[in-house]
1. Would you please give the FRET efficiency between A:Cys238 and B:Thr21, computed as 1/(1 + (r/R0)^6) with r the Cβ-Cβ distance and R0 = 51 Å, to the nearest 0.05?
2. Do the alpha carbons of any pairs in A:Lys166/A:Lys255; A:Lys166/A:Lys290; A:Lys19/B:Lys56; A:Lys287/B:Lys51; A:Lys255/B:Lys27 sit beyond 24 Å of each other, and which pairs?
3. Multiplying the sequence separation of A:Glu100 and A:Tyr356 by 0.36 nm and subtracting their Cα-Cα distance, what value in nm do you get?
4. Please identify every one of the GluC sites (Glu not before Pro) in the stretch A:1-85 that sits in a loop by DSSP and has no more than 14 other beta carbons within 10 Å of its own beta carbon.
5. Note down the accessible area of A:Ile10, probe 1.4 Å, to the nearest 10 Å².
6. Return the equivalent ellipsoid semi-axes of the stretch A:1-158 as a descending list in whole Å, where each equals the square root of 5 times an eigenvalue of the C-alpha gyration tensor.
7. Can you tally the net charge around A:Ala134? Count Lys and Arg as +1, Asp and Glu as -1, for every other residue whose Cβ sits under 14 Å from the Cβ of A:Ala134.
8. When the accessible area of the stretch B:5-65 is split by element with a 1.4 Å probe, what percent falls to carbon and sulfur?
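The values are calculated or read from the model by the stated rules, or taken from the named source; none is laboratory data. Bear in mind the structure is a predicted one, so any value in this text is a computation, not a measurement. Positions of Cβ are generated from backbone atoms using ideal geometry, with glycine treated the same way; all protein chains shown enter the neighbour counts. These area figures cover heavy atoms from the full protein model, side chains too; ligands, DNA and RNA do not enter into them. Shrake-Rupley method; radii C 1.70, N 1.55, O 1.52, S 1.80 Å.
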Amino acid sequence: MQEETFRHSIACIRELTRKIARPLRLMEVCGTHTVAVCRSGLRALLPSGLHLLSGPGCPVCVTPAAYIDRAILLARSPEVLIATFGDLMRVPGLSLGTLENERAKGAKVQVVYSVADALALAGERKNKKVIFLAVGFETTAPGMAWAVKTAAERGIENFMILNALKTMPNAMEALLKSGDVHIDGFICPGHVSAIIGSNPYEFIRREYSRPCVVAGFEPSDVAEAVAMLLAQIAEGRCEVQNQYLRAVSVDGNEKAKVLLDEIFEPADAEWRGLGDIPQSGLKLRDKFKKHDADLMYSGLRATAGGEKTGCRCGDVLRGLVTPMECKLFGKKCKPDHPVGACMVSSEGSCAAYYRYEKQ
Amino acid sequence: MCVAIPVKIISINGDEAVAETGGVRRKIIVSLVEAPKPGDYVLVHAGFAIKKWSKKDVREFNEIMGGIGAK
C-alpha cells in the first residue's frame, strides 16, 4: 500500500513538474526529512529541474558554536554536571574543542535520553548543579518546560537549563525575507507541527504566497508532500495542507502549548548561518530564572567568533549550497572528524549526504 | 532530533508511565497529552508523549515501517 503511494506520488511529481515547466525549489525544513530524502533515494527519482533544498531544521546544526564553548566552560566548573542529548557531544565549539574531549579530560558530562533523566540526576546529585543543554525546536521544548516547572514545584534548585530553544516559523520567514535563495514551497516539519499545529504556517501562505505542506517522515510521506506542493503550484493554489494527519491537527497539542507559554516567552535568538532572528527563540520567564544557567553563570562567557575557515554549514543551512559544494565535504570534514555541526548530527544535511548520497 | 515513535502505555504513575514498543519497555512522561491511560498508543519524542495515536494510525505506521526504504 505504501509502496503504491510512493510510486503514485513519484508519477504525479513527474507529470506535474512537466506541466509547470520551470525550475522549482522546494525546501524540506526539518533535518529528519532530509535524512528521509537521502536514505530513500527520493532525490534520484526526481525529474531534473525539481530540487529539494535542506533547511535550518536540525537543532544541533543551528546552535551557534559559541554555545558549545559556553557549555564546555560550564563543564569545567567542579560543581557542575552537564547533561545532554548525545548529538551535541561531538560538535566542535569555536575554540574549546568538543564536549566529548572535555569528558575525556575529566569533566562531568553525561549523555541522557530525556530531560526527565537530567531532572532525576539533579534529584540524586544534590552536591552538583545539573545543567541540561536545552537545544531543540517546538517538538522538544515542551519537555524542557515540564522539567523546569517540575523542578520549581519540587524545589530542585540545582537543576538548570542552558537554553538555546528555537521556534521554526520565524526562521522560515527569515529565509524568505533574506532573498538569498528562491523557495517555491515548504515541506513543513511534522513533529514540530504535532505541537504547534498547521495553523502557524498560514502567514507564509498569506504574506509570502508560498504553499506549505506538513509532512510525515517516511519516504511515502515526503513523496506525497512533494506531489501535494506541486499540485498546488500547477493549479495556482497557495494553501497550508497537512499530509501528516496521523500526528498533526490544525491547532496542535493545546496542553503542550499552554505549558510552553507558562514557562517560556518568545525572544530573539541567534541561529548559526542565519544570524539573529527576532522572536525565534524561547526565553525562560522571570519567575524561573533560578533554573536559567545563562543567568546563574553569566560570568562564564566564551569569546565570540565566526565560522571555521572554509566551513559552509551556514550556507548549507540556508539552502544556498548543497553539502557537496563545500570544499571541505568528504575531505577535511567527515563524520569521524567533523569540522562543522552539519557533519556531526545524524540529522545534519552534510552527514545525511555523506552517508547516503556521496558518490 | 525530532524523531518520534509510537509506543503503547502499559501503566501510569502520576506524570510517568511505563511504555512498550517492540518488546522494549521504558519510562516516559505523559503529562503533555490529555487523559492518558494504559492501553493508549502515544507518539513519543525524547521521552515525552506528544500525541495520542489511534490504533488505525499505529497500524498504518507499522505498515509503512515494513515498506520502502524504512527499517
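1. Efficiency for this residue pair is about 0.85.
2. Long pairs (Cα-Cα over 24 Å): A:Lys19/B:Lys56; A:Lys287/B:Lys51.
3. That works out to 89.6 nm of additional length.
4. A:Glu79
5. That residue has around 10 Å² of solvent-accessible surface.
6. Equivalent-ellipsoid dimensions as semi-axes: 43, 18, 12 Å.
7. Values: positive: A:Arg70, A:Lys149, A:Lys166, A:Lys283; negative: A:Asp87, A:Asp117, A:Glu138, A:Asp292, A:Asp294.
Value of the local net charge: -1.
8. 52 percent
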